[in-house]
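The values are calculated or read from the model by the stated rules, or taken from the named source; none is laboratory data. Fair warning: this is a prediction, and the values are worked out from it, not measured in the lab. Using ideal geometry, Cβ is built from the backbone for each residue, glycine included, and neighbour counts are taken over all protein chains shown.
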Amino acid sequence: MAGSSLGKLFVVTTFGESHGPAIGCVVDGCPPGMALTADDIQFELDRRKPGTSRHVTQRRESDSVEILSGVFEGSTTGTPIALLIRNEDQRSKDYGNLATTFRPGHADYTYTQKYGVRDYRGGGRSSARLTAPIVGAGAIAKKWLREKYGMAIRGYMRALGPIDIPFVSWEDVGNNAFFAPNAAIVDELEQYMDALRKSGDSVGAMVTVVAENVPVGLGEPLYDKLDADLAHALMGLNAVKGVEIGDGMAAARQKGTEHRDEITPAGFLSNHAGGVLGGISSGQDIVCHIAIKPTSSIRLPGRSIDSAGQPVEVVTHGRHDPCVGIRATPIAESLVAIVLMDHALRHRAQCGDMVSGVLRVPGAA
């Protein structure tokens, strides 16, 4: 199946389906000599796994990762790293009614039209279950980038449906189920989700990812620009319908004197561009925002058709996230990490010995 790999030098290829025996990925291109254990990866997987609060799917998966190759005596060997995560809590009978019908707003119809066959159990290959291996690969990339550059890649929920979440502190992000950077708003988010869950409906969300200590020079214009590849990867995340770098869409309403990031000997004065100029990292923080649609797997009836083209009413049973954005933060972080590691290796290959002779200024104040 085409489209299952991401990257050029650091290549991540995922495999598996939501209700198959296992899911996983092969990570090719990780440099040798980096200490790596399953615990390094498990920490990130535990941040994403289902069943962690009443606000997400109650499917119970440990998401325990197995490293099958590419690591010897605790260090990467430079050969492909295979990660395996076994599915433990499939309930395929919940999807029997979808064998010949199509959920509106889901990939059922398009997968069938493209491939002529689809795994209807939990969405099969189109399920957000396949984001777990991406988080596993992202853990490897995060570790390498942290050790090589001191890079930190972290994210937070920016909005839950109609509720904007003002940023207060990174410390708050890991202390609630929403990855919200604002402890004072968590009660409101919980009340909103409790009411939404009872109604049987779903809602969208916005997530922001920030990469700090990014070196200058990552990105390959014209058609492998860093921001273009970040957008490409983030749009590959299930349910993402919009990606912004820096000010994004708001830039259309700004004047040049407002948007341009002026430079002084002391550093950049702003970061409206989100850390990318001309498709190349500027050394400022990389800032990405994603908009995530409401899941279409809801128990409220909706109109659709069956495989014979006849009108039907579809109700989705099973265990689903009423807001897939709640668990999206570690996934988005991982995709950003994978792209940045791929570009770091590509930059090292072509320009690793280049010295510009120009002073490198600090990032935005």
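Would you tally the residues in segment 213-236 being surrounded by fewer than 21 Cβ atoms within 10 Å (Cβ to Cβ) and under 17 Å from I331 (Cα atoms)?
Residues that pass the stated criteria total 4.
In segment 8-26, what residues are touching a Ser or Thr at 6+ places or on another chain (Cβ under 8 Å), closer than 16 Å to A82 by Cβ and of a type outside the set (F, W, Y)?
Step one: of segment 8-26, the residues touching a Ser or Thr at 6+ places or on another chain (Cβ under 8 Å) are 11-15, 17-19, 23-26.
Right, trim to closer than 16 Å to A82 by Cβ and you get 11-15, 23-26.
Passing the criteria: V11, V12, T13, T14, I23, G24, C25, V26.
Scan segment 91-106 residue by residue and report those that are part of a helix (DSSP H, G or I) and either of a type in the set (A, V, I, L, M) or at pLDDT 85 or above (or both). Before you say what the answer is, go through the steps one by one.
Step one: list which residues in segment 91-106 are part of a helix (DSSP H, G or I), which gives 92-98.
Within segment 91-106, just L98 meets the criteria.
Filter segment 107-124 down to the residues that are modelled with pLDDT of 90 or more and either touching a strand residue (DSSP E or B) at 6+ places or on another chain (Cβ under 9 Å) or assigned to a helix (DSSP H, G or I) (or both) and list them by number.
Once the filter is applied, which keeps residues that are modelled with pLDDT of 90 or more and either touching a strand residue (DSSP E or B) at 6+ places or on another chain (Cβ under 9 Å) or assigned to a helix (DSSP H, G or I) (or both), segment 107-124 yields D108, Y109, T110, Y111, T112, Q113, K114, Y115.
Would segment 174-181 turn up any residue that is assigned to a helix (DSSP H, G or I), touching an Asp or Glu at 6+ places or on another chain (Cβ under 7 Å), in contact (Cβ under 8 Å) with a residue 24 or more places away in the chain and at negative phi? Working first, answer last.
As a first pass, look at segment 174-181 and keep what is assigned to a helix (DSSP H, G or I): 174-175.
When the remaining residues are screened for being touching an Asp or Glu at 6+ places or on another chain (Cβ under 7 Å), the result is none.
The answer is no, given that none of the residues of segment 174-181 is assigned to a helix (DSSP H, G or I), touching an Asp or Glu at 6+ places or on another chain (Cβ under 7 Å), in contact (Cβ under 8 Å) with a residue 24 or more places away in the chain and at negative phi.
I need the full set of residues from segment 341-350 which are surrounded by fewer than 13 Cβ atoms within 10 Å (Cβ to Cβ) and not small (G, A, S), in order please.
Q350
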